[in-house]
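Take a look at the structure set out below.
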Amino acid sequence: MKETSQSRRAVQDIRSQFPILTQKINGRDLIYFDNAATSQKPSVVIDKIKNYYEKENANIHRGVHSLSQEATTAYEQARHKISSYLNAKSDSEIIFTKGTTDGINLIASSFGELLNPEDEIIISAMEHHSNIVPWQLLESRKKIKIKVVPIHKTGEIDLEAFENLLNEKTKLVSITHISNSLGIINPIKEIIRKSHVVGAKVLIDGAQSVQHEKIDLQELNCDFFVFSGHKVYGPTGVGVLYGKSELLNIMPPYQGGGDMIEKVSFEKTTFNVLPFKFEAGTPNIVGGIALGTAFDFIDSLNFEQCQVHELELLRYAEAQLNAIPTIKIFGTSKNKTSVISFNVGDIHPFDIGTLLDKQGVAVRTGHHCTQPIMDFYQIPGTIRVSFGIYNTKDEIDLFVAALNKSIQILS
Amino acid sequence: MNYTEKQNAIIEDFSLFDDWMEKYELIIDLGKEIEMIPNQDKRDEQLIEGCQSRVWLKSNYKDGKMFYFADSDAIITKGIISLLIKVMNGEEPKTIAKEDLFFIKEIGLQEHLSPTRANGLVEMVKRMKLDAIKNY
């Protein structure tokens, strides 16, 4: 696969918008291959945060003064931006959270209140701990049951087993769109459709998907969708929970406090309308606004070209890694995003990760918060490289050279 | 050599290398030398679970001195353990409990002993000192 000078220019143009990519790590140019953990931030997002604190900072939804009005407008415009990008039916279905984990906990806590003992929730064996533990907490609180869909050796979900688990007791199917540790893309459209047949609601964990796939919430027809701002070029500490308004309306509030109330008295308190009902307290205002800017940035990209580029990086790296005889890749499905999880012979992933870091290559090692997958493959962890829109084939060449050197030292 | 001298000797060994990869090659060689706990002798109570790598530690007190045996599933972790053992073995519990372990920082390995590294080493050093205190 040869890069055209045109695509090379496009990537260089994107790279120039990410100041951190010129950083030196241990005296070498940074090669950032840990995009599944968090993406780097473009200048527009960084500038927005700085500008907000320098010129716009005020609390929102309450002040009559101009600054507060402007901050409120900016915050609500960001919500609108995200809502239209994801094609939600209305802005009020977009709730700002702290991130994916916060969103799932909100649903487990609030939607969970509507569940009865013996009701069932289906998750998959490839879920992040964030999509396992909140349900386990709910299981002990409400005596519901968790059913786990197994995966095949390729890392793909066992759809037949999924269908066998679905029944009239299934109230929620909570599943990741894309596996964070393996990069496998789940057939969520089919999963959503089949779940709805038995009347189950569906929550999609989109932490790894919004940055790689174009999301159309109405077309997907999922009931909930959650993701984190920091993985989509936005700041940390902010994320989004999308929920269909008919569901959000019947769910009890998650947290009590300011902003989420309509009227408070000691006799009776009434709650605010959506989305504010689920946004208690002063939110991460600058986070929300800068997340809106991150979506402006995504909108400015040629998204399809970026997808092609990421896929090319994936195939190029897979070919290079497969040429090293002792390498074993986990998650071998063809339907993947730009994530490769692998091990080298008997070498501990921690050792490889440490030596790669000393050569300026940032990768993730360990169980990636998906211990059940590691148990499934009977390994302590993997080395995970995950590519973003600003990575290049040259960087992959340097990474492979650094990897070979590490293997040589460790063998 | 006393506790301080042993640490200074390690610092000197590492000062011969400018390049990080060479320093790590030395650590890896040390990891291969370490006196390990054979697999069949490993006990659950010796295991220190890190997020990334795991460490086993066994402490012995003999004739007024401390002796440690350890192992890890990661070779770099093992190499660092071997340095710690070199310094601490054969020392009186009082020395281990009270004296500073300054060489780790001096040779630039403090990142391995930061809580975020999650390799079980922080907990191991704590346990080595606690075991010494028990005999102090």
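Over chain A, Cα pairs under 8 Å with separation of 6+ residues give a relative contact order of 23 percent. Sites listed here are trypsin sites (Lys or Arg not before Pro) in the range A:1-41 whose DSSP assignment is loop and whose Cβ has at most 10 other Cβ atoms within 10 Å: A:LYS2. Annotation for the range B:1-73: GluC sites (Glu not before Pro) lying in DSSP loop with at most 15 further Cβ atoms inside 10 Å of their Cβ are B:GLU35.
Among the residues of A:363-369, the average count of other protein chain beta-carbon atoms within 10 Å of the residue beta-carbon is 2. Between the Cα long axis of helix A:393-410 and the first principal axis of chain A there is an angle of about 70°, rounded to the nearest 10.
Provide the FRET efficiency to the nearest 0.05 for the A:VAL197-A:ASN322 pair, computing r from the beta carbons and using R0 = 41 Å. After rounding, the FRET efficiency stands at 0.55.
Does chain A come out rounded, prolate or oblate by the C-alpha gyration tensor, with a ≥ b ≥ c the root eigenvalues, rounded set by a/c under 1.5 and, if not, prolate when a/b is larger than b/c and oblate if not? Oblate is the answer for chain A, as a/c is 1.5 or above yet b/c matches or exceeds a/b.
Note on A:LEU67 and A:PHE266: the model spin-label points, each 7 Å out from Cα along the C-beta direction, lie 3.6 nm apart. For chain A, find the longest principal axis of its Cα atoms and tell me its angle to the long axis of helix A:133-142, 0 to 90°, nearest 10. The helix A:133-142 is inclined about 40 degrees to chain A. What net charge do the residues around A:GLY258 carry, taking every other residue with its C-beta under 11 Å from that of A:GLY258, with Lys and Arg at +1 and Asp and Glu at -1? Value of the local net charge: -1. Counting only residues at least eight positions apart within a chain, or on another chain, the aspartates and glutamates with an alpha carbon under 14 Å from that of A:LYS55 are A:ASP47, A:GLU70. With Cα atoms defining each centre, the range B:1-74 and the range A:359-411 are spaced 25 Å apart in the structure. If you add up the charges near B:THR95, with Lys and Arg at +1 and Asp and Glu at -1, over every other residue whose beta carbon is less than 11 angstrom from its beta carbon, what do you get? Local net charge: +1.
For the residue pairs A:LYS145/A:LYS244; A:LYS147/A:LYS328; A:LYS24/A:LYS358; B:LYS58/B:LYS78, the C-alpha atoms sit more than 18 angstrom apart in A:LYS145/A:LYS244; A:LYS147/A:LYS328.
Using a cut-off of 30 Å between Cα atoms, the listed pairs A:LYS194/A:LYS336; B:LYS42/B:LYS86; A:LYS98/A:LYS214; A:LYS405/B:LYS65 include A:LYS405/B:LYS65 as exceeding that distance. Placing unit charges on each Cβ (+1 for Lys and Arg, -1 for Asp and Glu) gives the range A:234-346 a dipole about its Cα centre, and among A:LEU291, A:LEU274, A:PHE342 the Cα reaching farthest toward its positive end belongs to A:PHE342.
Quick check on the range A:84-221: take the gyration tensor over C-alpha atoms, sort the square-rooted eigenvalues as a ≥ b ≥ c, and tell me if it's rounded (a/c under 1.5), prolate or oblate. Because its axes are fairly even, with a/c under 1.5, the range A:84-221 counts as rounded. Given +1 at the Cβ of Lys and Arg, -1 at the Cβ of Asp and Glu and no other charges, the dipole of chain A around its Cα centre is 380 debye to the nearest 20.
Counting only other chain Cβ atoms within 10 Å of each residue's Cβ, the peptide A:345-352 averages 6. Under the combined filter of DSSP loop state and at most 13 neighbouring Cβ atoms within 10 Å, the range A:235-316 retains these trypsin sites (Lys or Arg not before Pro): A:LYS268. Comparing A:ASN131, A:LEU115, A:VAL149 along the charge dipole axis of the range A:46-300, the residue lying farthest to the positive side is A:LEU115, per the Cβ-charge model. Annotation: amide H-H contacts under 5 Å for A:ILE25 (H modelled 1.01 Å from N, sequence separation of 5 or more, or interchain): A:LEU30. Among rounded, prolate and oblate, which fits the range B:3-134 when a ≥ b ≥ c are the square roots of the eigenvalues of its C-alpha gyration tensor, a/c under 1.5 means rounded, and a/b larger than b/c means prolate? It is oblate, given that a/c is not under 1.5 and a/b is not larger than b/c. Inter-part distance, the range A:150-177 to the range A:44-90, computed on C-alpha centroids, equals 39 Å. Listed from fewest to most Cβ neighbours within 10 Å, the set B:LYS126, B:LYS23 follows the order B:LYS126, B:LYS23.
Any chance you could give the angle, 0 to 90 degrees and rounded to 10, that helix A:5-15 forms with the longest Cα principal axis of chain A? Once rounded, one gets 50 degrees. Computed over neighbours whose Cβ is under 13 Å from that of B:LYS78, the net charge equals -3, Lys and Arg +1, Asp and Glu -1. Per-residue mean of foreign Cβ neighbours for A:375-381 is 1 (Cβ atoms of other chains, 10 Å radius). Dipole magnitude for the range B:3-134: computed about the Cα centre from +1 point charges on Lys and Arg Cβ and -1 point charges on Asp and Glu Cβ, it is near 620 debye. Placing +1 on the Cβ of every Lys and Arg and -1 on the Cβ of every Asp and Glu, with no other charges, gives the range A:283-411 a dipole of roughly 320 debye about its Cα centre.
Only the coordinates and a few stated rules stand behind these numbers; no lab work does. Keep in mind that what you see is a predicted model, and the values were worked out from it rather than measured. Backbone-built Cβ (ideal geometry, glycine too); neighbour counts: all protein chains shown.
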